[in-house]
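Novice: This structure is in structure tokens; I'll ask about it shortly.
The values are calculated or read from the model by the stated rules, or taken from the named source; none is laboratory data. Everything numeric here is computed off the predicted structure, so don't read it as measured data. When the accessible area is computed, the model is the full protein with side chains, heavy atoms only, and any ligands, DNA or RNA have been set aside. Shrake-Rupley method; radii C 1.70, N 1.55, O 1.52, S 1.80 Å.
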Amino acid sequence: MRRSQAAPGVESSCQIRRHARSAPALSPGPSTSTSPPPVPPRGSGSGGTMFTSTGSSGLYKAPLSKGLLLVPSALSLLLALLLPHCQRFFVYDLQAIKDDFQIWRLICGRIICLDLKDTFCSSLLIYNFRIFERRYGSRKFASFLLGSWVLSALVDFILVEAVWYSFGIAAAGNLPSGFLAPVFALFVPFYCSIPRVQVAQILGPLSITNKTLIYILGLQLFTSGSYIWIIAISGLISGICYNSKMFQVHRVLYVPSWMAKFFSRTLEPIFSSSEPTAEARVGMGATVDIQRQQTMELLDRQLMLSQFAQVRRQRQQGGMINWNRLFPPLRQRRNVNYQDDRRSEQQASPPLEVSEEQHQVVPP
């Protein structure tokens, strides 16, 4: 473990382990384990390396993520297929909010997606980002979503006015609807706290990691509309402000404890998922939750070992591109040239034959 701390890029996985230990939803009781679970050898379980960033499958211990997947998606399908005449109430129109004081559009227009492509992409991203609810707890995860949702509404006004005064483009009435800004805000903790592990390497420096699929989904959502880039930028800005605790936003915009208790008693039993039984239990914890925490720590250790091995290979090869293979070092080239000259001299000058007269000793 001392060697892994010295390698660059491994600190992010250490942060994940600290968050995993501090999550209240994952450690409800004291552990009776006397020794940590064994770390599998390097290279084992490579088939699931692509999805190690999202933890185990399913929505276990993620009731809020399950609610965000089911309710907005069902309402979006209902408005698109059965109630298309009601879509005008869910249009995110900043011009109507500013001129006609339709403040209710700030809530209705920023919850349900009217485009089914945006619904599909955002649902996939929320499913992959459920790891933050498992590790931080439902209340902290809900506070992050609430804070980024409120902050992004303010940033939307600023960006729309900046685009109007700078380029003369009126984008206030064409913003996409839906719960999109908090989804883009979740890319900030995803980039900062989830370690990057190489899965495959193509075309030399280009490589596929365990985070490539998530970034491709985000790029697809980013290019799905004309002015969705405003929502994406406002979501990233709000995510940076909340994640870095800038301006003490996390102390102002958060879910109170009484509200968290109320929803945990009323809605959590509805959206809670049963424990997956197909997963192998690792560890010797007294409860299933402690065994699951030990499994997450085991995955974190495997990520650290894989990342350290990747950094070590890059150091041996001279970076992402093996420049030593393309351009050999100067000393090596001198040695090669010197050996070539010696060989050429030996081939050019054949050995001289000594005659019997030269062997005779001339008397003084």
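Novice: How large, in percent, is the carbon and sulfur part of the accessible surface of region 118-190 at a probe radius of 1.4 Å? Let's see the in-between values first.
Specialist: On the way: 1890 of 2570 Å².
Carbon plus sulfur share of accessible area: 74 percent.
Novice: Amide H of C113: which non-local residues (sequence gap of 5 or more, or other chain) have their own amide H closer than 5 Å, using H built in the peptide plane?
Specialist: For C113, whose amide H was placed from the backbone, the distant partners under 5 Å are F179.
Novice: Hey, another quick one. Which order do Y242, Y136 take by accessible area at a 1.4 Å probe, largest first?
Specialist: On the way: Y242 25, Y136 50 Å².
So the residues, ranked largest to smallest area, are Y136, Y242.
Novice: Quantify, in whole percent, the carbon and sulfur part of the accessible surface of region 206-256 (1.4 Å probe; protein heavy atoms only). Let's see the in-between values first.
Specialist: Working: 1880 of 2700 Å².
Exposed carbon and sulfur together represent 70 percent of the surface.
Novice: Once you have the Cα-Cα distance between A309 and A162, take 0.36 nm times their residue separation minus that, and quote the gain in nm to one decimal.
Specialist: Working: separation 147, 0.36 × 147 = 52.92 nm, distance 4.65 nm.
Length gained between A309 and A162: 48.3 nm.
Novice: Take the cross-link list K117/K211; K66/K140; K98/K245; K61/K261 and give me the ones stretching past 24 Å between alpha-carbons. Provide the component values of the computation, followed by the final result.
Specialist: Details: K117/K211 21 Å; K66/K140 16 Å; K98/K245 29 Å; K61/K261 16 Å.
In this structure, K98/K245 lie more than 24 Å apart at Cα.
Novice: If you count only protein heavy atoms with a 1.4 Å probe, what accessible area per residue comes out for region 148-214, rounded to a whole Å²? Spell out each step's value before the answer.
Specialist: Details: 2940 Å² over 67 residues.
Accessible surface, normalised per residue, equals 44 Å².
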